[in-house]
């Protein structure tokens with residue numbers, strides 16, 4: 001138990017002896033001041049540089065009335081804590097306000113330009129819509145005229161259809177008769193083709209017969225001539 005108490009006291013003393021640290025607060029050099037930036041916490045340490053008013057500093061730790069700070073450049077050093085304030089300097093506030101004002105003015109100009117463009121587009125659309133309405137009215141009138149013409153043609157077509165329907169029975173009869181005539185024409189054409197074949201065959205047969213008859217006549221004449229010639233020769237020999 002005594003060892004535990006001694007350990008707790010030692011831990012407490014150790015914490016009290018450690019320099020106090022700030023939780024990464026941001027401080028600023030006081031207004032109208034040039035502050036020395038030293039290597040250590042005291043005037044005995046050499047000056048690294050001087051800092052102007054409103055320079056932002058990141059507080060790292062505190063010791064002997066001095067803050068160890070880090071600059072925006074990453075350099076670290078020590079400054080007298082009494083010349084550090086934690087309120088945002090008025091000049092920086094004014095600068096931020098001016099920047100915000102400039103940004104708002106830029107946005108306002110952008111919005112105004114967009115509004116003017118929208119007005120121009122709206123006017124153009126209104127003009128375009130007016131022209132479109134005129135064109136649509138003309139198209140509507142043209143469509144109405146075409147509809148009337150189509151209705152007239154439809155009535156005429158209905159009348160013609162009724163007439164054709166009444167005459168369709170006669171047309172059907174004519175078509176049936178034509179079909180009968182076509183069948184007869186096909187039959188006659190087949191018979192004609194058969195007759196042509198038979199005629200060609202008969203013509204070829206007759207030609208052969210006539211050719212054979214002519215050859216027979218010639219042969220018979222030649223035989224008769226030979227007989228007469230031989231008879232003359234015989235009669236001449238007898239006379240001699």
Requested in this report: Name the residue, out of 95, 117, that is out of contact with any helix residue (DSSP H, G or I) (no Cβ under 7 Å at 6 or more places or on another chain), outside any strand (DSSP E or B) and at pLDDT 85 or above.
Outcome: 117
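Do you know which residues across the stretch 68-92 are in a loop (DSSP other than H, G, I, E, B), at pLDDT 90 or above and surrounded by 13 or more Cβ atoms within 10 Å (Cβ to Cβ)? Even if it seems obvious, please write down each step before you answer.
Residues of the stretch 68-92 in a loop (DSSP other than H, G, I, E, B): 71-75, 86-89.
Remaining after also requiring at pLDDT 90 or above: 71-75.
The one that is in a loop (DSSP other than H, G, I, E, B), at pLDDT 90 or above and surrounded by 13 or more Cβ atoms within 10 Å (Cβ to Cβ): 71.
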Query raised in the report: Based on what the data block shows, is residue 141 out of contact with any strand residue (DSSP E or B) (no Cβ under 8 Å at 6 or more places or on another chain) and either exposed (fewer than 10 other Cβ atoms within 10 Å of the Cβ) or modelled with pLDDT of 75 or more (or both)?
Result: yes
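Here is a yes/no grid of residues against (1) at pLDDT 70 or above; (2) surrounded by fewer than 10 Cβ atoms within 10 Å (Cβ to Cβ):
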{"residue": "157", "(1), (2)": "yes, no"}
{"residue": "160", "(1), (2)": "yes, no"}
{"residue": "166", "(1), (2)": "yes, yes"}
{"residue": "172", "(1), (2)": "no, no"}
{"residue": "177", "(1), (2)": "yes, no"}
{"residue": "196", "(1), (2)": "yes, no"}
{"residue": "201", "(1), (2)": "yes, no"}
{"residue": "206", "(1), (2)": "no, no"}
{"residue": "211", "(1), (2)": "yes, no"}
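Is it true that residue 109 is touching a strand residue (DSSP E or B) at 6+ places or on another chain (Cβ under 9 Å) and surrounded by fewer than 12 Cβ atoms within 10 Å (Cβ to Cβ)?
Here the answer is no, as residue 109 does not meet what is asked.
The values are calculated or read from the model by the stated rules, or taken from the named source; none is laboratory data. Here the structure is a predicted model, which is why all the values come from computation and not from measurement. Positions of Cβ are generated from backbone atoms using ideal geometry, with glycine treated the same way; all protein chains shown enter the neighbour counts.
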